[in-house]
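One structure is given here, and the rest of the page talks about it.
The values are calculated or read from the model by the stated rules, or taken from the named source; none is laboratory data. Computed from a predicted structure; not experimentally measured. Note: ideal-geometry Cβ built from the backbone for every residue, glycine included; neighbour counts use all protein chains shown.
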């Protein structure tokens, strides 16, 4: 890659007290890419995302956004930069309507017309949300809540979408549907960092991937290379 | 029957004050998950601000003895200004007693102690500046309005009570519309429901918390002024009793439930009014009897929901 990456992690370390969740992680994402961050439970994937959106401090190393260091930014300001983090477990605002959730996704934006266009785009992407726009988000099914969480993250009109386990807890059919949506978003130009335990689904849409194990990078490469990698196949794809 | 109606009117108008008070607790509780024990002191500040803005002079015991505000403002100007003054006090309390702890991610129990401390300091400051004496608000505030309105059948309502009801009603209406319709109201609810998610949406939760303090303290300030109008200011500890009762209302209605705060306020106000005159010394016990009963029968309060989460 010759151009400046949109996001670059240099020797990133994240820890909870004395326990290191992530160590010496180098990762970069170019504009327009979909990059998968893979690994089993507790490998440090979510902690990496939480460090990027500044929910957790980086204990060591750097997070660079278009060559600018994010260490002095607050979470709210990373949203302003264009980083939208769709958190693990959906975390929709259960007591508010679908519409209110989406409107809050556009909290920092002031251009009403542009917001309306994006709202229509989200409803087109997830027609189920349009049907239920005045229902409380807490009354939606798990799959619908996941759609809402993604749509809400899109309402910030991000330059980079951080997705934390979007397929978690969804029926296989829904996972396919969701991944197709994500592939379409990426094709339309959205840069994504996709955290997944569902390696197969993630590598179907990502161009490149990184594999974490116990907080350390063990493998990286193009999606094609990773799909062929025998270690990865043994560990995650169930091959012998 | 008419006697009962009269008691109901009295009960509702005092209950409306309790409701305003509890709404303030509720707002802060919903965004922070802690109770602001300085709220009663802010209420007291509102009462003193109202007194001063109406042109009242400081008595002989305080450091400000003999001084007075250069203008005697009309009531309907003084009251909102006192509310704004109280809101400033509330923001001060937030900056001193809450923000440093929040930054550090401190235990909720610590907020209890720091806010109680801030409240004690405020009350003592009032005593230092204004003395410990009682203050009576000027009697001619209502101008040409009669002091008492007859509603027929021997039932009557004091103009002050009516004013209290109207202001409380309007404040609650605006607050509920604001919370449910405006974007800032929705953002406040988002912070209340899930602070981390709110931050991920770009909502500055610190600013929203300050907003909650400002609104809660504004409400406390105007209710302080209105109560002072109705019963006069008994001294710097004026707000403590109301503050404790507001806590009872809060628990009765359900922690964090705004409609619950209003309902709880009205129930306790009416219940107090129904206490026979002979036993009026035990009026305060009624509020807390309700509180205990509620904790036994329905710990989440009247309109509070037991914790429930969809997996």
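Here B:72, B:86 are screened, and the one residue that is under 19 Å from residue B:17 (Cβ atoms) and either at pLDDT 95 or above or surrounded by fewer than 19 Cβ atoms within 10 Å (Cβ to Cβ) (or both) is B:86.
Of the helices (runs of 4 or more DSSP H) contained entirely in the stretch B:202-311, those carrying at least 2 residues that are in contact with a helix residue (DSSP H, G or I) (Cβ under 8 Å, 6 or more places away or on another chain) and within 14 Å of chain A (Cβ to nearest Cβ) fall at B:205-231, B:258-273.
Taking (1) under 23 Å from residue B:226 (Cα atoms); (2) surrounded by 19 or more Cβ atoms within 10 Å (Cβ to Cβ) in turn, residue B:166 satisfies each apart from (2). Here residue A:212 meets each of (1) in contact with a strand residue (DSSP E or B) (Cβ under 6 Å, 6 or more places away or on another chain); (2) within 20 Å of residue A:12 (Cβ to Cβ) with one exception, condition (1).
Looking only at the stretch B:1-14, how many residues end up being touching a helix residue (DSSP H, G or I) at 6+ places or on another chain (Cβ under 8 Å) and farther than 15 Å from residue B:163 by Cβ?
Here the count works out to 3.
Listed here are the residues, each with its yes/no results for (1) in contact with a helix residue (DSSP H, G or I) (Cβ under 7 Å, 6 or more places away or on another chain); (2) part of a loop (DSSP other than H, G, I, E, B); (3) within 9 Å of another protein chain (Cβ to nearest Cβ); (4) free of Cβ contacts under 8 Å to residues at least 24 places away in the same chain.
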| position | (1), (2), (3), (4) |
| --- | --- |
| A:85 | yes, no, yes, no |
| A:113 | no, no, no, yes |
| A:129 | yes, no, no, no |
| A:152 | yes, no, yes, no |
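Just checking, how many residues over the stretch A:184-200 are within 14 Å of the chain's Cα centre (by Cα) and more than 11 Å from residue A:32 (Cβ to Cβ)? The number of residues fulfilling the criteria is 7. Each residue in the stretch A:58-70 was checked for being free of Cβ contacts under 8 Å to residues at least 40 places away in the same chain and closer than 20 Å to residue A:87 by Cα, and 1 pass. It is to be established whether one or more residues within the stretch A:32-46 are within 14 Å of another protein chain (Cβ to nearest Cβ) and either modelled with pLDDT under 95 or part of a helix (DSSP H, G or I) (or both). For the stretch A:32-46, residues within 14 Å of another protein chain (Cβ to nearest Cβ) and either modelled with pLDDT under 95 or part of a helix (DSSP H, G or I) (or both): present.
Restricting the search to the stretch A:87-111, which residues are in a loop (DSSP other than H, G, I, E, B) and more than 10 Å from chain B (Cβ to nearest Cβ)?
A:88, A:110, A:111
For the residues A:26, A:18, the requirement of being modelled with pLDDT of 95 or more and either within 11 Å of chain B (Cβ to nearest Cβ) or over 27 Å from residue A:105 (Cβ atoms) (or both) singles out A:26. Among the residues of the stretch B:172-183, the ones that are at the interface with chain A (Cβ under 10 Å from one of its Cβ atoms) and under 17 Å from residue B:24 (Cα atoms) come to 1 in all. Taking into account only those residues within the stretch B:123-153 that are at pLDDT below 85 and outside any loop (DSSP other than H, G, I, E, B), which is nearest to residue B:43 (Cα to Cα)? The selected residue is B:148.
Within the stretch B:156-171, is there a residue that is in contact with a helix residue (DSSP H, G or I) (Cβ under 8 Å, 6 or more places away or on another chain), assigned to a helix (DSSP H, G or I), within 30 Å of residue A:151 (Cα to Cα) and more than 14 Å from chain A (Cβ to nearest Cβ)? No, that holds for no residue. Residue A:6 satisfies every condition listed in (1) crowded, with 19+ Cβ neighbours inside 10 Å; (2) in contact (Cβ under 8 Å) with a residue 60 or more places away in the chain; (3) out of contact with any strand residue (DSSP E or B) (no Cβ under 8 Å at 6 or more places or on another chain) except (3). Taken together, the residues in the stretch B:181-210 that are within 21 Å of the chain's Cα centre (by Cα) and over 19 Å from residue B:103 (Cβ atoms) amount to 4. Among the residues of the stretch A:131-145 satisfying the criterion of being away from every other protein chain (no Cβ under 12 Å) and at pLDDT below 95, which is nearest to residue B:186 (Cα to Cα)? Filtering the stretch A:131-145 for residues that are away from every other protein chain (no Cβ under 12 Å) and at pLDDT below 95, the one nearest to residue B:186 (Cα to Cα) comes out as A:133. Looking at the structure I just gave you, is residue A:27 more than 27 Å from residue B:195 (Cβ to Cβ), under 18 Å from the mean Cα position of the chain (by Cα) and not in a loop (DSSP other than H, G, I, E, B)? Yes: the conditions hold for residue A:27. One residue stands out among those in the stretch A:221-240 that are at pLDDT 90 or above and surrounded by fewer than 17 Cβ atoms within 10 Å (Cβ to Cβ): the one that is nearest to residue A:39 (Cα to Cα), which is A:221.
One residue alone among B:66, B:59 is assigned to a loop (DSSP other than H, G, I, E, B), touching a residue at least 60 places away in the same chain (Cβ under 8 Å) and surrounded by fewer than 20 Cβ atoms within 10 Å (Cβ to Cβ), and that residue is B:59.
Filtering the stretch A:53-77 to residues that are assigned to a loop (DSSP other than H, G, I, E, B) and within 14 Å of chain B (Cβ to nearest Cβ) leaves A:53, A:54, A:55, A:56, A:57, A:73, A:74.
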